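Right, one structure below, let's go through it.
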Amino acid sequence: MIGGEVSIKNVSKFFDDFQVLKNVSLDIKKGEFFSILGPSGCGKTTLLRVIAGFEGVESGDVLLDGKSILNLPPNKRPVNIIFQNYALFPHLTVFENIAFPLKLKKLSENEINQRVSELLSLIRMEEHAQKMPSQLSGGQKQRVAIARALANEPRVLLLDEPLSALDAKLRQELLVELDNLHDRVGITFIYVTHDQAEAISVSDRVALMNEGEIVQVGTPYEVYESPVNVFAATFIGETNLMKAEVVEVEDEYYVVESPGIGQFRCYRDKEAKKGDVLLITLRPEKIRISKREFQSGKIFNVFHGIVEEEIYMGHQTKYFVRLDEGYIMKVYKQHARYILDEPIIKWEDEVFITWNPDDSFIVEVLEE
Amino acid sequence: MKYVYFLWLLFLFILPISIVFVYSFLEPQIYGGIKWSFSLEAYSYLPRYLALIWRSVWIAGVATFITLAVAVPVAFYIARSKLKNFLLLLTVIPFWTNSLIRIYAWKIVLGNNGLINQFLGLFGIGPVQFLYNSFAVILVIVYTYLPFAILPLYAAMEKVEDSILEVSLDLGASRMYTFTRVLLPNVRAGLLTAFVFVFIPALGSYAIPDLVGGVNSKMIGNEIVRQLLTVRNWPVASAMSNILTLIALLSIIFVMKRGERR
């Protein structure tokens, strides 16, 4: 199957007076696994329904391989949607569900049988062909829904939070399966989710959406490591957001002064001058924590504080460290060698934390 | 508790039916009532009434078909409407008025000096004979039993998720195909209930053909009443009731069988 290229151009849409999509533009490449990530109510599902043809738009255009599909009804668009609730036909068996689009294409019975068995083996459900949807588990239903959509040979597969009704472990499995499936069938996947872990783990690129607008588009790495604003920084993963004033401009770094923390260095990835206030993000896993004092080199930032909260997660521990000047810093310690490393850090322990100024990122230059 | 159900069934269902069943095999007395001696005479009248039975089935069948055809889109609309509670209320409001009065009201609407003919008269048309024929009987049956079809269909339509209709369109099906192959199979139970609720009482209609029907649109119900009250032949009236019950039973079985999954 061949993937399609989707171009969304300046799309705006209203529900009554409420603007759900605000001048949204996106370019999705052939065969890409593209995720649209955002909190509920941000317009991501509406955008998907616009592409599928279930919603019209007030202005803008949607192109598939260069041609506008806005005037085509859903049944004439070479795209298919997977709904959150699976939407299997309750009155048809698994086999008949998958055969549904094939019958519409007036294929012969032999061709239908062959195509359906291929798809059944693709989703590893051969032995369930004659079951009714009500006899299947959530994960199986979702796989049948995907097979049924693929039977139609769409150029783009739209997935609307397809895993959100499943439990966490199954979600992980199906996500990997979805990724494999994408590699095998080669068509474009547009995946809508509110779960940042899902989005960044399988996507080629992610579009971050908030309040009807596209906030940032990029690879998962870019979106995680270089968020463009506060929303992007806080929505994806956990972070420490710090407001700080530039005291000194060096070649590579700024020396900044932050209330509650003190003076530290941060990487100079945006232009600012002395006296500007910056918003800086620093991911908790980038900070090292120890009971022993770090060798404070010229560049490294080292602070002293007390562990105020300790959350043991198994693979890591989350610490909330109150610095001497009052700021509470989130620090995640990965347990590569938990006990052998060094003395265990517990609640109310005095600790030192340190991070490399290269690991922080300036989100915004707030004021001058 | 079990015994209460049994008593209820016994006194309200089994006993009356048994009385009618037994009476049909007895001999009539001249002024009504029965003589306790076995006779198949009542059933020997049956061939005479075949045309009447056929007409009753035909009228009830056509009326049921029209009722369902109207009720399906209405029920779908109500189930998808934001005003569903209000619309359901409107559906049952006719029940607040006695059904005889409502049937009588149709005479005022359809009569030769009725509302419609007065209106047509303004254009020099008519009067058109609307009343006292099968058309009037079918129309009023449809009117009377429409709510009984809408309610079970509404209950079934409400359970059908929008997404399965959308997914059908998405997979390339036309609206018509989605309606007949996706929506209707998923409201099958509602259709069966609606059929039973409309066809059975329509088949036994008495007041409607009596008030708005003509000589050529009498139904079995009218003949049963005539046998019972005018001719005073109770066994014949009972025999015809049994035939009516049998037809109703067979039609339910037939529709249930047809309605089963392939």
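Which residues, counting only those in segment A:127-149, are under 18 Å from A:Val185 (Cα atoms) and touching a helix residue (DSSP H, G or I) at 6+ places or on another chain (Cβ under 6 Å)? I'd like the intermediate steps shown before the answer.
Taking segment A:127-149 first, the residues under 18 Å from A:Val185 (Cα atoms) are A:142-149.
A:Val144, A:Ala147, A:Arg148 - these are the residues of segment A:127-149 that are under 18 Å from A:Val185 (Cα atoms) and touching a helix residue (DSSP H, G or I) at 6+ places or on another chain (Cβ under 6 Å).
Within segment B:235-249, is even one residue within 14 Å of chain A (Cβ to nearest Cβ), part of a helix (DSSP H, G or I) and more than 17 Å from the chain's Cα centre (by Cα)? Full working, then the answer.
Here is the first cut: in segment B:235-249, the ones within 14 Å of chain A (Cβ to nearest Cβ) are none.
Among the residues of segment B:235-249, not one is within 14 Å of chain A (Cβ to nearest Cβ), part of a helix (DSSP H, G or I) and more than 17 Å from the chain's Cα centre (by Cα), which makes the answer no.
Any idea which of B:Arg258, B:Arg226, B:Arg232 is touching a residue at least 24 places away in the same chain (Cβ under 8 Å), open to solvent by 40 Å² or more (accessible area, probe 1.4 Å), of a type in the set (Lys, Arg) and over 16 Å from B:Val140 (Cα atoms)? Don't jump to the end; show me each part of the working.
Details: B:Arg258 fails: touching a residue at least 24 places away in the same chain (Cβ under 8 Å); B:Arg226 fails: touching a residue at least 24 places away in the same chain (Cβ under 8 Å).
Being touching a residue at least 24 places away in the same chain (Cβ under 8 Å), open to solvent by 40 Å² or more (accessible area, probe 1.4 Å), of a type in the set (Lys, Arg) and over 16 Å from B:Val140 (Cα atoms) holds for just one of B:Arg258, B:Arg226, B:Arg232, which is B:Arg232.
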In segment A:117-130, residues that are touching a residue at least 24 places away in the same chain (Cβ under 8 Å) and either within 14 Å of chain B (Cβ to nearest Cβ) or over 32 Å from the mean Cα position of the chain (by Cα) (or both) total 4
In segment A:132-160, residues that are open to solvent by less than 20 Å² (accessible area, probe 1.4 Å) and within 21 Å of A:Ile51 (Cα to Cα) total 14
Out of all the residues in segment A:60-91, which are among the hydrophobic types (A, V, I, L, M, F, W, C), more than 8 Å from chain B (Cβ to nearest Cβ) and assigned to a loop (DSSP other than H, G, I, E, B)? A:Ile69, A:Leu70, A:Leu72
Name the single residue that is most open to solvent (accessible area, probe 1.4 Å) among those in segment A:246-262 being outside any strand (DSSP E or B) and farther than 21 Å from A:Leu323 by Cα. A:Asp251
Pairs where the first residue, in segment A:131-144, is under 18 Å from A:Lys169 (Cα atoms) and in the same structural domain as A:Phe89 (by TED's automatic domain parsing) and the second is part of a helix (DSSP H, G or I) and open to solvent by 40 Å² or more (accessible area, probe 1.4 Å), C-beta under 7 Å, 6+ apart: A:Gly139/A:Leu170
From the list A:Val50, A:Val11, A:Val57, pick out the single residue that is free of Cβ contacts under 8 Å to residues at least 60 places away in the same chain, in contact with a Lys or Arg (Cβ under 7 Å, 6 or more places away or on another chain) and either of a type in the set (Gly, Ala, Ser) or not in a loop (DSSP other than H, G, I, E, B) (or both). A:Val50
Out of curiosity, is A:Phe100 open to solvent by less than 40 Å² (accessible area, probe 1.4 Å), more than 21 Å from A:Phe15 (Cα to Cα) and outside any helix (DSSP H, G or I)? no
In the set B:Phe38, B:Phe21, which member is within 30 Å of B:Thr144 (Cα to Cα) and not aliphatic (A, V, I, L, M)? B:Phe21
Return the only residue of B:Thr193, B:Thr180 being away from chain A (no Cβ under 14 Å), open to solvent by 50 Å² or more (accessible area, probe 1.4 Å) and β-branched (Val, Ile, Thr). B:Thr193
Could you figure out which of (1) touching a Cys at 6+ places or on another chain (Cβ under 6 Å); (2) part of a helix (DSSP H, G or I) isn't true of A:Thr234? (1)
Being touching a residue at least 60 places away in the same chain (Cβ under 8 Å) and in contact with a Gly (Cβ under 6 Å, 6 or more places away or on another chain) is the requirement here; does B:Tyr145 meet it? no
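Quick one: count up the residues across segment B:3-38 that are in contact with a strand residue (DSSP E or B) (Cβ under 8 Å, 6 or more places away or on another chain) and of a type outside the set (A, V, I, L, M, F, W, C).
6
Is it true that some residue in segment A:191-214 is of a type in the set (A, V, I, L, M), within 19 Å of A:Asn356 (Cα to Cα) and part of a strand (DSSP E or B)?
First, pick out the residues of segment A:191-214 that are of a type in the set (A, V, I, L, M): A:192, A:197, A:199-200, A:202, A:206-209, A:214.
Add one more test, that the residue is within 19 Å of A:Asn356 (Cα to Cα), and what stays is none.
There is no residue in segment A:191-214 that is of a type in the set (A, V, I, L, M), within 19 Å of A:Asn356 (Cα to Cα) and part of a strand (DSSP E or B).
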Meets criteria (within 14 Å of chain A (Cβ to nearest Cβ), farther than 15 Å from B:Leu68 by Cβ and either in contact (Cβ under 8 Å) with a residue 60 or more places away in the chain or surrounded by 20 or more Cβ atoms within 10 Å (Cβ to Cβ) (or both)) for B:Ala173: yes
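Whether any residue in segment B:248-260 is under 24 Å from B:Asn133 (Cα atoms) and out of contact with any Pro (no Cβ under 9 Å at 6 or more places or on another chain) is what I want to check. Let's see the steps before the verdict.
Initial filter on segment B:248-260 (under 24 Å from B:Asn133 (Cα atoms)): B:248.
Cutting the leftovers down to out of contact with any Pro (no Cβ under 9 Å at 6 or more places or on another chain) gives us B:248.
Looking through segment B:248-260, at least one residue is under 24 Å from B:Asn133 (Cα atoms) and out of contact with any Pro (no Cβ under 9 Å at 6 or more places or on another chain).
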Need at least 2 residues that are closer than 24 Å to B:Thr193 by Cβ and touching a residue at least 40 places away in the same chain (Cβ under 8 Å) per element, so show me which helices (runs of 4 or more DSSP H) inside segment B:1-98 make the cut, counting only ones lying wholly within it. B:50-80, B:84-92
Being open to solvent by 10 Å² or more (accessible area, probe 1.4 Å), under 25 Å from A:Val223 (Cα atoms) and touching a Pro at 6+ places or on another chain (Cβ under 7 Å) narrows A:Lys330, A:Lys286, A:Lys243, A:Lys291 down to just A:Lys330
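May I ask you to list the residues in segment B:127-167 that are outside any helix (DSSP H, G or I), open to solvent by 20 Å² or more (accessible area, probe 1.4 Å) and within 14 Å of another protein chain (Cβ to nearest Cβ)? Talk me through it step by step, then tell me what you get.
Let us first name the residues in segment B:127-167 that are outside any helix (DSSP H, G or I), namely B:127-133, B:160-161.
Applying the additional criterion that residues be open to solvent by 20 Å² or more (accessible area, probe 1.4 Å) yields B:127-130, B:132-133, B:161.
Within segment B:127-167, just B:Glu161 meets the criteria.
Identify all residues within segment A:315-335 that are assigned to a strand (DSSP E or B) and farther than 14 Å from A:Val302 by Cα; write none if there are none.
Of the residues in segment A:315-335, the ones assigned to a strand (DSSP E or B) are A:316-323, A:328-334.
A:Gln316, A:Thr317, A:Lys318, A:Tyr319, A:Phe320, A:Ile328, A:Lys330, A:Tyr332, A:Lys333, A:Gln334 - these are the residues of segment A:315-335 that are assigned to a strand (DSSP E or B) and farther than 14 Å from A:Val302 by Cα.
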Scanning segment A:170-199 residue by residue, the ones that are open to solvent by 40 Å² or more (accessible area, probe 1.4 Å), in contact (Cβ under 8 Å) with a residue 12 or more places away in the chain, out of contact with any Leu (no Cβ under 8 Å at 6 or more places or on another chain) and within 17 Å of A:Ala151 (Cα to Cα) total 0
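The values are calculated or read from the model by the stated rules, or taken from the named source; none is laboratory data. None of the values given here were measured: they were computed from a predicted structure. Heads up, the Cβs are rebuilt from the backbone with ideal geometry, glycines too, and the neighbour counts pull from every protein chain shown. The accessibility values were calculated without ligands, DNA or RNA, using every heavy atom of the protein model including side chains. Shrake-Rupley method; radii C 1.70, N 1.55, O 1.52, S 1.80 Å.
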